[in-house]
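Trainee: Below: one structure in structure tokens.
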4 protein chains.
Amino acid sequence: MHDKFSEYLNGQLHNSAWAFFLGPFVQELLSHVTNEEMRGLARSAGIRAGREMPLPACESLQQMEAAANDHWSRLGWGIVTFQEYSGHLSIEHRFAPLRATLGEPAMAWAAGFLEGVYQEWFTMLGAGRDLLVRQEGGTDSYGGLVYRLAR
Amino acid sequence: MHDKFSEYLNGQLHNSAWAFFLGPFVQELLSHVTNEEMRGLARSAGIRAGREMPLPACESLQQMEAAANDHWSRLGWGIVTFQEYSGHLSIEHRFAPLRATLGEPAMAWAAGFLEGVYQEWFTMLGAGRDLLVRQEGGTDSYGGLVYRLAR
Amino acid sequence: MHDKFSEYLNGQLHNSAWAFFLGPFVQELLSHVTNEEMRGLARSAGIRAGREMPLPACESLQQMEAAANDHWSRLGWGIVTFQEYSGHLSIEHRFAPLRATLGEPAMAWAAGFLEGVYQEWFTMLGAGRDLLVRQEGGTDSYGGLVYRLAR
Amino acid sequence: MHDKFSEYLNGQLHNSAWAFFLGPFVQELLSHVTNEEMRGLARSAGIRAGREMPLPACESLQQMEAAANDHWSRLGWGIVTFQEYSGHLSIEHRFAPLRATLGEPAMAWAAGFLEGVYQEWFTMLGAGRDLLVRQEGGTDSYGGLVYRLAR
């Protein structure tokens, strides 16, 4: 999507009330733990979040995408696209409010949160324990996040 | 203020998008640190927040209250009342979004955040280092927080 | 309620996106119709709104107040208190978003909207056709509106 | 832009508090005036809105587009693209909150509002009186609006 739109849309996602709390709280945490540990915390938090807001039983990947997007739409958490490739599944999530409120540098760890949510959803719906959701590349210029589910 | 109003107003402060992230993230943190440590983190975060959003020079307590409320109003963080007593100053903060989004139990540690903000503001405006902001009692039924500045 | 709180809470109700449209649209309408005609339009609109968002069957005035407040709370439209007096019923509505976004002068006509909503609700729940909801006095300093249901 | 994104983004623009007032108020107005008259009212309101929120002096169409988007971004009113063709200028506005809150049928008249805003901005910045902003086609599936400035 064209940068002008993405920039606008991400700007609208900034929540100044929560940035006021989260910015300093995250800085404080990062004076005690490493970025990698924060990412681990975020991933574990995402697994909890996925469990607390489960997907209903789904019979296809399309149904699963629609069910996920029902949750995301209700929460204002953006939109996801699942795509099958030989050997892996790609998960592309756009317009999560994380980057706009936490800031770009925070994405190094905050991307772990959605990684955990998708991990839990795929595990709960029967993906084998050896299938892992992992981020692919960094956050792109508009804050979109790409994960892949693979062995 | 009458409970019916407070209940309504607090309900309006709930942010479901950020509760989705913060609820599980806080649960995850609390599986690693104690409530007391979390409160310390929140207080330190509040000190950072107060430094990043300082009050202008003020010539009276009234001016300071007005300057604080300008910040709170812009952010949607509620409203504060300062009141002088012999031997201490009372700080009463209402309608912070913390309880509505983080939940009642979180107030045991989250109240430390505003404690830190007020500590930093009073220190920056010249309160002696031996004057400490400390919470007085718990959160009341409507989520209001009372602190006192005293030796 | 103390003015400081009411002022703060009303400030938070201002919606700049809709004020941008509604301010000029209302000015334009008022260059064609009188304030009294606008009030009539607003009252008729309120009757439509009450019909589209009806109250469930209620067995008492208390139940009716609770049902009304469920609607208002979900919409962020404030809070109502019903009170019985000999000869009339008082309806006090606080924290409607009308004044904060439309401005104080608009209340001369916009108060007709809630008058219509309550008229329709009382009529639908069996109040006789000779019972009319009418505003009592103007908007008070914090934007609260008082109506009475009486013959 | 892909329909899935547009649908999501438009859904997020729905404001239920203002839809509650505006839906019935517009229905009431349309029981008194024609769609064409409403469109005229909306266009005149847009001219007022453009005058109340003017653009600064601009030296190029690009500057003008940037200045317009500064206003729209601050208000959460979407994003505009100006494009020059031989004989006319195209104005494409996306993500205005009108359709999401007023509903699709209302666009027959509500599109007049932005027509008026752009008319006023171009006139104020020196476009000749014979240059008119007029809508081109209807609202597209995602609520985008296209106008052209031409003789």
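The values are calculated or read from the model by the stated rules, or taken from the named source; none is laboratory data. Since this is a predicted model, take the numbers as computed values, not measurements. Positions of Cβ are backbone-derived with ideal geometry, glycine not excepted, and every protein chain shown enters the neighbour counts. Surface areas here come from the heavy atoms of the whole protein model, side chains and all, with no ligands, DNA or RNA. Shrake-Rupley method; radii C 1.70, N 1.55, O 1.52, S 1.80 Å.
Trainee: What ³J(HN,Hα) values, in whole Hz, does the Karplus curve 6.51 cos²θ - 1.76 cosθ + 1.60 give for region D:96-102 when θ = phi - 60°, with x put for Gly and Pro?
Mentor: In residue order, the calculated couplings are 5, x, 4, 5, 4, 9, 8 Hz.
Trainee: Next question. Taking R0 as 30 Å, what's the FRET efficiency between A:D70 and D:M124 from their Cβ-Cβ distance, rounded to 0.05?
Mentor: Step by step, r from the Cβ atoms, then E = 0.10.
Trainee: Which residue, D:Q83, D:Q27, D:Q119, tops the fluctuation ranking in a GNM of chain D built on C-alpha contacts under 10 Å?
Mentor: Fluctuation is largest for D:Q27.
Trainee: While we're looking at this one, here's another question. Convert each backbone phi in region B:74-91 into a coupling constant with the Karplus relation 6.51 cos²θ - 1.76 cosθ + 1.60 (shift: θ = phi - 60°), then list the ³J(HN,Hα) values in order as whole Hz, x for Gly and Pro.
Mentor: 4, 8, x, 9, x, 8, 10, 10, 9, 9, 8, 10, 5, x, 7, 10, 9, 10
Trainee: Restricting the calculation to Cα positions, tell me the Rg (one decimal) and the Dmax (whole number) of region D:71-151 in Å.
Mentor: 12.5, 36
Trainee: Next question, about the same structure. Using only alpha carbon positions, build the gyration tensor of chain C, then give the equivalent ellipsoid semi-axes as the square roots of 5 times its eigenvalues, largest first, whole angstrom.
Mentor: 25, 18, 15
Trainee: If I model a spin label at B:L30 and D:S60 as a point 7 Å from the Cα along the Cα→Cβ vector, what separation in nanometres do I get?
Mentor: Label-label distance for B:L30 and D:S60, simple model: 5.6 nm.
Trainee: Straight distance only, please: which aspartates and glutamates reach the Cα of A:K4 with their own Cα at less than 13 Å, same-chain residues fewer than 8 apart left out?
Mentor: Correct list for A:K4: D:E65, D:D70.
Trainee: Name the residue, out of A:A19, A:A42, A:A96, whose mean-square fluctuation peaks in a Gaussian network model built on chain A with Cα pairs under 10 Å.
Mentor: Of A:A19, A:A42, A:A96, the Gaussian network model singles out A:A19 as fluctuating most.
Trainee: Express the relative contact order of region D:53-138 as a whole percentage, based on alpha carbon pairs under 8 Å and six or more residues apart in sequence.
Mentor: 19 percent
Trainee: Counting only protein chains, not ligands or nucleic acids, how are B:M107, A:M124 ordered by accessible area (probe 1.4 Å), most first?
Mentor: A:M124, B:M107
Trainee: C:L131 label points, 7 Å along Cα→Cβ, one per copy: pairwise distances from this copy to the rest in nm, shortest first?
Mentor: Here C:L131 shows inter-copy label distances of 5.8, 6.1, 6.2 nm.
Trainee: Given label points at 7 Å from Cα along Cα→Cβ, what nm distances, shortest first, separate A:Q83 from the same residue in every other copy?
Mentor: With the label placed 7 Å along Cα→Cβ, A:Q83 yields 2.4, 6.2, 6.4 nm.
Trainee: Here's a follow-up. I'd like the mean, over residues of A:78-85, of how many other protein chain beta carbons sit within 10 Å of each residue's own Cβ.
Mentor: Mean number of neighbouring Cβ atoms from other chains: 2.
Trainee: Quantify how strongly other chains surround peptide D:37-46 by giving the mean number of their Cβ atoms within 10 Å of each of its Cβ atoms.
Mentor: So the per-residue partner count for this stretch is 3.
Trainee: Which FRET efficiency value, to the nearest 0.05, do you get for C:Q83 and C:K4 by plugging their Cβ-Cβ distance into 1/(1 + (r/R0)^6) with R0 = 30 Å?
Mentor: 0.75
Trainee: In angstroms, what radius of gyration and Dmax does the protein assembly as shown have, counting Cα atoms only?
Mentor: 26.5, 78
Trainee: In percent, what relative contact order does chain B have, based on Cα pairs under 8 Å that are 6 or more apart in sequence?
Mentor: Computed over chain B, the figure is 30 percent.
Trainee: Continuing with this model, one more query. Determine the shape class of region B:59-115: with a ≥ b ≥ c the square roots of the Cα gyration tensor eigenvalues, call it rounded for a/c under 1.5, and otherwise prolate if a/b is greater than b/c, oblate otherwise.
Mentor: Note, shape of region B:59-115 comes out oblate.
Trainee: Which chain B residue sits with its beta carbon nearest the axis carrying B onto A, and how many Å away is it, rounded to a whole number?
Mentor: B:W18, 2
Trainee: Can I ask one more? Of A:I91, A:A42, A:C58, which is farthest towards the positive pole of region A:40-94's charge dipole, taken about the Cα centre with +1 and -1 on the beta-carbons of Lys, Arg and Asp, Glu respectively?
Mentor: Positive-most Cα among the choices belongs to A:A42.
Trainee: Sticking with this one: Assuming a ≥ b ≥ c are the square roots of the Cα gyration tensor eigenvalues, decide whether region B:12-75 counts as rounded (a/c under 1.5), prolate (otherwise, with a/b larger than b/c) or oblate.
Mentor: Oblate shape, in that a/c is at least 1.5 and b/c is the bigger or equal ratio.
Trainee: How large, in percent, is the carbon and sulfur part of the accessible surface of region C:1-90 at a probe radius of 1.4 Å?
Mentor: It is 49 percent, rounded to a whole number.
Trainee: Now, a different point. If you filter region A:70-141 for GluC sites (Glu not before Pro), then keep DSSP loop positions with at most 16 other Cβ within 10 Å, what is left?
Mentor: Of the GluC sites (Glu not before Pro), the ones in loops of region A:70-141 whose Cβ has at most 16 other Cβ atoms within 10 Å are A:E136.
Trainee: If you plug each phi of region D:39-49 into the Karplus form 6.51 cos²θ - 1.76 cosθ + 1.60 with θ = phi - 60°, what whole-Hz ³J(HN,Hα) values come out, in order, with x for Gly and Pro?
Mentor: 4, x, 4, 5, 5, 5, 5, x, 4, 4, 4
Trainee: Where is the GNM fluctuation largest for chain B (alpha-carbon springs, 10 angstrom cutoff): B:L55, B:L29, B:L114?
Mentor: Residue with maximal mean-square fluctuation among B:L55, B:L29, B:L114: B:L29.
Trainee: Still on this structure: So which trypsin sites (Lys or Arg not before Pro) in region A:47-140 end up in coil per DSSP with only 13 or fewer other C-beta atoms within 10 Å?
Mentor: Listed in order of number, the matching sites are A:R129.
Trainee: At C:R51, label 7 Å along Cα→Cβ: distances to the other copies, nm, ascending?
Mentor: So the label point of C:R51 gives 3.7, 5.2, 6.3 nm to the other copies.
Trainee: What does the structure give for C:24-36 when I average, per residue, the other chain Cβ atoms found within 10 Å of the residue Cβ?
Mentor: 5
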